[in-house]
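Have a look at the structure below before the remarks.
The values are calculated or read from the model by the stated rules, or taken from the named source; none is laboratory data. Worth saying up front: this structure is predicted, and the values here are computed from it rather than measured. Note that each Cβ is placed from the backbone with ideal geometry, even for glycine, and that neighbours are counted across all protein chains shown.
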Amino acid sequence: MVLAISPLDAGAHTIMGDLNGDGKVGIPDITALVDYLLFKDSSHEFIVSADVSKDRIIDIVDLTILIDYVLHDVPVQPLEPEQVSFTLLHLSDSHGYAEGLNQAIRELEDNSIDALLFTGDWTRHAIEGRTAITTTATATAFNEIKSKYGNRFLMLAGNHDVYDNKTVGQTQSGATAAIKGWMANSDVNWGDDSGMASYWYKDYSLTSTRKLRIIALDQYETTNVGKPIGDWNYQPIYSQAQIDWLIARLKELSADDYLIIALHEPAYNDTSGGVNTMEAVAMADDNLWCSADFSKFNYRGAEECRNLLPNIMRNYLNSQSECWQHINLDMDTTTITVNADFHGNTPCHFLFYIGGHRHCDIVHELPLVDNYGHATGFDQQMMLHIAAADWTVPSSKDDDLLIEYEDASRYEKNGYLKADENDPDYRINKVVINFTSRQVTLLRIGATHTHHGTVRDAFEFSFTN
């Protein structure tokens, strides 16, 4: 993309601007570029290397720069290598069990893996009087990851970590302290100056001008806002500060950058009624793992809850401006003023939301039309949600089934407790993002079968935005 020397292979170099491939930059290259401008006759590699101005357009500006280089012998600088792919290990919802975490540690021995992302709920459930705890096995695994691979370790809090975890006082601040302890070596940029909330972002440099940003949200800001309505209501609650911070972080991104938003609960809530296809279809039987379709995703929340994140992202991806009130489902029913003003901003490449919570493994686009037939405007928004790291169930009544996991019957196959009796009882998604081919590949580590025996060990989709 620039006039520079770059490695071609061991012991060899090529000069960007050497359009005829003779190992030199000279008059023949100017001739080659003129021929291209006149006749548009060249290979893909030529088209890329001819854009010497880096403006993504090959025109007279590039010819001028190349002539100046040839005439005035402009110093040639080393070309910074470009990272063409990014590999993310994703697991979630281990709920006190460490099998999946320990497997992730073994996977991290592969240096091609750029990051391990755990999207919440390390805490065992509190059901029927049982005390929710952060188990010794879980804490040991997290500490080992911190010690060995801390610079590649990313995590966020789940609803059970905040609302159930007696060992950290059933508070957001306790969950945040645990996360910050385990992520001490992760080199992330924390968003909350007070240290109560655990939202953060981390940038990964792809080139000198392009980066991948991962933004992680804290969906349970009970300290700053208040606890949700009802003892077992796990609805996400955001502070005004976090939403303002998120909008500011989006505005910082350039058109060349890429974005992933990590969260625990799904970003989309369908409150319009009708069949909840997330539970009735996507989590049933052979659709339990990764859907072969981009099916509708209906995760019904309370009627007061707006689709906060998809609405913000809709405005961002379309460079629009809008201001509205978001109602938090807390005891005081506080509101957030969302000033999603992206007028004049050029959006980056939004890859997907990524999370857990619903104990399914599915890839899907947000629906373009809700159940009332109203357009949502949520195009260009993809969601990846993974099955639990150590167990899964195809029902929203998962809490009622967890009692079986406390004893030997945990590994019994009743159609719902395991994917297949021959599979390991954990599932991890290895997410490979290829920026050149614009493909995302999900490779499953661990359980790869539905309980009907269907193999779901890989899935691939393109991103176009």
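Given the residues ALA137, ALA184, which is the only one that is modelled with pLDDT of 85 or more, among the small types (Gly, Ala, Ser) and not in a helix (DSSP H, G or I)?
Checking each option against the conditions leaves just ALA184.
Could you tell me whether region 88-100 includes any residue that is at pLDDT 70 or above, assigned to a helix (DSSP H, G or I) and closer than 30 Å to ILE215 by Cα?
Yes, some residue in region 88-100 is at pLDDT 70 or above, assigned to a helix (DSSP H, G or I) and closer than 30 Å to ILE215 by Cα.
Let's see how each residue does on (1) at pLDDT 90 or above; (2) among the β-branched types (Val, Ile, Thr); (3) in a strand (DSSP E or B); (4) touching a helix residue (DSSP H, G or I) at 6+ places or on another chain (Cβ under 6 Å):
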{"position": "GLU128", "(1), (2), (3), (4)": "no, no, no, no"}
{"position": "THR131", "(1), (2), (3), (4)": "no, yes, no, yes"}
{"position": "ASN143", "(1), (2), (3), (4)": "yes, no, no, no"}
{"position": "SER147", "(1), (2), (3), (4)": "yes, no, no, no"}
{"position": "ASN151", "(1), (2), (3), (4)": "yes, no, no, no"}
{"position": "THR167", "(1), (2), (3), (4)": "no, yes, no, no"}
{"position": "GLN170", "(1), (2), (3), (4)": "no, no, no, no"}
{"position": "ALA175", "(1), (2), (3), (4)": "no, no, no, yes"}
{"position": "ILE179", "(1), (2), (3), (4)": "yes, yes, no, no"}
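If you go through region 72-87, how many residues are assigned to a helix (DSSP H, G or I) and either of a type in the set (Val, Ile, Thr) or at pLDDT 80 or above (or both)?
0
Take the conditions touching a His at 6+ places or on another chain (Cβ under 7 Å), modelled with pLDDT of 95 or more and not in a helix (DSSP H, G or I) and apply them to LEU117. Does it pass?
Considered against the rule, which asks whether it is touching a His at 6+ places or on another chain (Cβ under 7 Å), modelled with pLDDT of 95 or more and not in a helix (DSSP H, G or I), LEU117 comes out as yes.
Among what's in region 175-194 and is closer than 14 Å to THR134 by Cα and of a type outside the set (Gly, Ala, Ser), pick the residue that is surrounded by the most Cβ atoms within 10 Å (Cβ to Cβ).
So the residue we want is THR176.
Out of everything in region 28-59 that is aliphatic (A, V, I, L, M) and exposed (fewer than 12 other Cβ atoms within 10 Å of the Cβ), what residue ends up being modelled with the highest pLDDT?
Out of the qualifying residues, it is LEU38.
Got a number for residues in region 202-229 being part of a strand (DSSP E or B) and modelled with pLDDT under 85?
Going residue by residue through region 202-229, those that are part of a strand (DSSP E or B) are 202-205, 211-216, 220, 228.
In the following step, the residues that additionally are modelled with pLDDT under 85 were identified as 228.
Summing the residues that are part of a strand (DSSP E or B) and modelled with pLDDT under 85 in region 202-229 gives 1.
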